[in-house]
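Before any comments, here is the structure.
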Amino acid sequence: MSRFNGKRAEFEASDDKVNVAILGAGNIARTMADTLTNMAANEQYAHLIHPYAVAARDDARAQAFADQWHLDKAYGSYEELMEDPNVDLVYIATPHSLHAEQAIACMRAGKNVLVEKSFTANTAQASDTLAVAQETGMLCTEAIWTRYMPSRALINEIIGSGEIGEVRSASANLCYPVWKVPRMTDPACAGGALLDVGVYPLNFLDMVLGADHGRTIERISTSMIPYETGVDAQNSTTLYYDDGAMGVATSSMMVSSDRGGYIWGTDGYLMVTNINNPETIDIYDNDHRPVRSVAVPPQLTGYEYEVADAANALLDGKTECEAMPHADTIRIMELMDQIRDVWGLKFPFEA
């Protein structure tokens, strides 16, 4: 068990902080290291978070990473990190295909985990991972940052107010030309657009149209264009909800898109700039006239919200975060499995 699981009073009475370690040393790990460094220097988070360690597959890479970000510890293997009793929370920043194995190993070693999206490669792996969270009592939560951001509540407040009337449809897209990144096209790494970028449009629809508003999906219609390795290069999915509402999610690893989120109601509509990290929320009436624009609060990097939520959840002895409970992770994983089933897309590691 981590040092402070369920021990908020003891933690607050001490001068200690939640030690966060990063498993992996790639691009997204560097963003997290930058986040942790900024949190440690920010009065809102300095009492809570300490950037502690990194683990990579060799000593030199780990040490270079630790030196750059002034971390206390550098480990040349993931196992060494798991053996450190001072690690409280591990951010897993490796390819999707490794998430389940590594998260389970961390939890069995008494470490709480914040697992980068896509949480795992499929629902079976997700279920196995979350079962270990319940078994060990460790926090296990998915690091899909948009779930934790203040913009989520801002958007849902506008929808709930009735300002744009009854919401009946929405769409979201996220496309980046990242096909040259080796893991993106590798089936063994759970590559493809859906698990890497497509997860954001699906989560956006879930938050603004679906489960956050009591709807369930009745059926889907989906198609994709494969990359030469067999993974999906680009795709589009229409979700049909139980009350007649519908949403469209589009993603690609071949091109750029406006990254827009659009929510259409009977009395107007919303436009969200960049669903991957919302920048502005613009409201229009039925005549397409701007009504008002809602600013999104300033942030450090945007990752700070998920880190703070995870740290607070473990201090309270929880195995999940309220912003991304296990049921939500499973629902999105099941949806992505359903989409890939329609495509006839199976990876070697899938059952």
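When Thr222, Thr31 are compared by accessible surface with a 1.4 Å probe, the order from highest to lowest is Thr31, Thr222. When you restrict to C-alpha pairs under 8 Å that are six or more residues apart and normalise by the size of the chain, the relative contact order lands at 19 percent. A straight Cα-to-Cα reach below 30 Å connects Lys73 with the lysines Lys7, Lys17, Lys111, Lys117, Lys318, residues fewer than 8 places away in its own chain not being considered. For the chain, the percent of C-alpha pairs falling in each 10 Å distance bin, counted from 0 to the bin holding the largest distance, reads 6, 25, 33, 25, 10, 2, 0.
Taking Cβ atoms as reference points and 12 Å as the exclusive limit, the residues near Gly165 contribute a net charge of -3, counting Lys and Arg as +1 and Asp and Glu as -1. Considering only trypsin sites (Lys or Arg not before Pro) in DSSP loops that have at most 13 other Cβ atoms within 10 Å, the longest stretch of the chain without any of them is 181-345.
As a fraction of the 1.4 Å probe accessible area of the chain, surface on carbon and sulfur atoms comes out at 50 percent.
In the assembled protein chains, His213 presents an accessible area of approximately 60 Å² (probe radius 1.4 Å).
Averaged per residue, the chain has 40 square angstrom of accessible surface, using a 1.4 angstrom probe with ligands and nucleic acids left out. Would you give the gap between the C-alpha center of the stretch 88-119 and the C-alpha center of the stretch 307-337, rounded to a whole Å? The stretch 88-119 and the stretch 307-337 have Cα centres spaced 13 Å from each other. Quickly estimate the mean residue ellipticity at 222 nm for the chain, helices only: each DSSP H run with n ≥ 4 gives -39500 (n - 2.57), and the total goes over all residues, rounded to 500. When only DSSP H runs of four or more count, the value is -10000 deg cm²/dmol. The stretch 1-80 and the stretch 136-154 have Cα centres spaced 18 Å apart. Exposure check, 1.4 Å probe, all protein chains in place: Ser223 carries approximately 70 Å² of accessible surface. Summing +1 for each Lys or Arg and -1 for each Asp or Glu among the other residues whose beta-carbon sits under 15 angstrom from that of Ala105 gives -4. Legend: calculated FRET efficiency, Ile225 to Tyr284, from the Cβ-Cβ distance at R0 = 41 Å, rounded to 0.05, equals 0.80.
The heavy atoms of Asp59 offer some 100 square angstrom of accessible surface to a 1.4 angstrom probe.
The values are calculated or read from the model by the stated rules, or taken from the named source; none is laboratory data. Please read these numbers as outputs of a predicted model, since none were measured by experiment. As a convention, Cβ positions derive from the backbone with ideal geometry for all residues, glycine included, and neighbour counts pool all protein chains shown. Ligands, DNA and RNA are stripped out before the accessible areas are found, and what is left, the full protein with its side chains, is counted by its heavy atoms. Shrake-Rupley method; radii C 1.70, N 1.55, O 1.52, S 1.80 Å.
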